[in-house]
Amino acid sequence: MTLLDGKKTSEAIQDEIAAEVTALKADGSKIPHLAAILVGNDGGSVTYVNNKVLACERVGFVSSLFHYEDTITEEDLLNKIKELNEDEEVDGFIVQLPLPKHIDTEKVLEAVDPKKDVDGFHPINVGRMVAGLPAYLPATPAGILQLLQRYEIETFGKHCVVVGRSNIVGSPMSILMSKNASPGNCTVTLCHRYTQDLAYHTRQADIVIVAVGIPGLITEDMVKEGAVVIDVGTTRVPDASRKSGFRLRGDVDFDAVAPKCSYITPVPGGVGPLTIAMLLKNTLSASKKEVYA
Ligand code: ADP
C-alpha cells in the first residue's frame with residue numbers, strides 16, 4: 001500500500017509555481033494577483049481563506065482579502081464582484097462558499113467574470129470543461145488528477161466509482177475521469193444519496209473517489225483488494241485532546257481500508273493540500289491568459 005502524499009505533491013506544485021513567479025519578476029512582468037471574498041465568520045471558511053492568502057504569499061503572488069459581515073446585502077456583494085471583474089490588477093478571484101442564506105449563491109457565481117473565475121464554478125467554465133474546451137478546472141478534481149498523474153497511477157480502461165455528485169467535486173470528477181485524456185479514459189459510475197446498494201458499486205471499482213462528507217462511510221468490505229482510494233471528505237469531529245477541539249475525518253474508514261489498497265489518500269494530508277495548489281495554478285494561468293486570450 002502506498003500513501004498518496006498530498007502535502008508533498010502540493011509543495012512540489014507550489015515550488016514550480018514559485019519558480020515561474022521568480023522568472024516573471026526577473027523580466028519585469030506582472031505578478032499574478034488573487035483576490036478572495038469572505039462573508040461571515042464560519043470557522044472552516046476563515047481558515048480556508050487564510051490558508052489561500054498565505055499560500056499566495058509563499059509563491060510570491062499578490063493577494064487581497066475582502067472580508068464582510070454576514071449581514072452584507074446581495075447587492076453590495078454583487079457590486080464588489082463587478083469591481084473585481086473590472087480591476088485590471090486582479091487576475092482571478094474567488095468567493096468563499098458557503099454564503100449566508102439571504103444571498104443567492106448561483107447569482108453570485110454567475111456574476112464572476114468567467115475569465116477571472118479561478119475556482120471554475122461559473123457555468124461557462126463548467127460547460128467548457130464538459131465540452132473539452134480550455135477552462136479553469138475546479139481545484140479539488142484538478143488536484144486529484146495531479147495526484148493520479150504524479151504517482152503514475154494507470155487510469156486507462158479502469159472502472160472508477162465516484163461517490164457524491166456535488167457541483168464542486170463529485171460531478172466534475174466523474175466527467176474528468178471519463179474524458180479521453182490522461183488521467184482519464186475510465187468507465188465511470190457516479191453514486192449519490194439515492195444509490196441503491198452503494199457497496200455493490202464500490203466493490204467493482206479499480207478507483208474509488210469519495211466526496212460525501214460522512215465520516216467512515218466507506219468500510220473495508222466495500223473496497224476490492226488492490227483498489228486506489230481517494231478520500232475527499234474532511235468532516236470536523238470533536239476531539240478534546242486537540243487544542244482546536246476537533247480533528248478532521250475522511251469519508252473512508254482509513255485504518256481498516258488502507259491495508260487492502262494499492263494507493264490511498266490520508267485525511268488530513270491527502271486531497272486537501274492540493275486544492276490550494278490548484279487554485280494557485282489557475283491564478284497563474286489567468287495571469288498568463290492561458291485559458292482565455
Ligand atoms: P462536497 O462539497 O464534498 O462535494 P456536498 O455536501 O456538497 O459535498 O455533497 C454531498 C454529496 O454526497 C451529494 O452529492 C450526495 O448525493 C452524496 N451523498 C450523501 N449521502 C450519501 C450516501 N449515503 N451515499 C452516497 N452518496 C451520498
Kindly sort Leu133, Leu38 by accessible area of their heavy atoms, largest first, with the probe set to 1.4 Å. Leu133, Leu38
Net charge dipole size for the range 17-113 [Lys, Arg +1 and Asp, Glu -1 on Cβ; Debye, nearest 20]: 440
Using packing as a proxy for protection, rank 52-61, 190-199 so that the peptide with the highest average count of other Cβ atoms within 10 Å comes first. 52-61, 190-199
Kindly sort Tyr68, Tyr136 by accessible area of their heavy atoms, largest first, with the probe set to 1.4 Å. Tyr68, Tyr136
Using a 1.4 angstrom probe and counting only protein chains, how large is the accessible area of Asp27 in Å², to 10? 110
Check: C-alpha center the range 78-116 vs C-alpha center the range 170-188, spacing in Å is 28
Report the charge-dipole magnitude of the chain in Debye, nearest 20, computed about the Cα centre from +1 at each Lys and Arg Cβ and -1 at each Asp and Glu Cβ. 540
When the scattering of the chain is computed by the Debye formula from its Cα atoms alone, each counted once and equally, what is log10 I(q)/I(0) at q = 0.07, 0.09, 0.11, 0.13 Å⁻¹? -0.26, -0.44, -0.67, -0.93
So what is the calculated 222 nm ellipticity per residue for the chain, using -39500 (n - 2.57) for each DSSP H run with n of 4 or more, over all residues, to the nearest 500 deg cm²/dmol? -12000 deg cm²/dmol
Where does the Debye-calculated log10 I(q)/I(0) of the range 17-113 sit at q = 0.11, 0.15, 0.22 Å⁻¹, using only Cα point scatterers of equal weight, no solvent? -0.36, -0.62, -1.11
Which one of Leu78, Leu34, Leu24 has the biggest mean-square fluctuation once the chain is modelled by GNM with Cα springs under 10 Å? Leu24
Heavy-atom SASA rank of Arg249, Arg236 (probe 1.4 Å, accessible area, largest first): Arg236, Arg249
Roughly how tilted is helix 74-86, in degrees to the nearest 10 and between 0 and 90, from the longest Cα axis of the chain? 80
Computed from every Cα-Cα pair in the range 139-273, P(r) in 5 Å bins starting at 0 and rounded to whole percents is 2, 11, 22, 25, 21, 11, 5, 2, 1, 0
Amide H proximity to His67 below 5 Å, modelled H, separation 5+ or other chain, gives Leu38
Expressed in square angstrom to the nearest 10, the accessible area of Leu4 with a 1.4 Å probe stands at 0
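The values are calculated or read from the model by the stated rules, or taken from the named source; none is laboratory data. What you see is a predicted model; the values in this text were computed from it and never measured. Please note: Cβ atoms are built from the backbone with ideal geometry, for glycine as well, and neighbour counts cover all protein chains shown. The accessibility values were calculated without ligands, DNA or RNA, using every heavy atom of the protein model including side chains. Shrake-Rupley method; radii C 1.70, N 1.55, O 1.52, S 1.80 Å.
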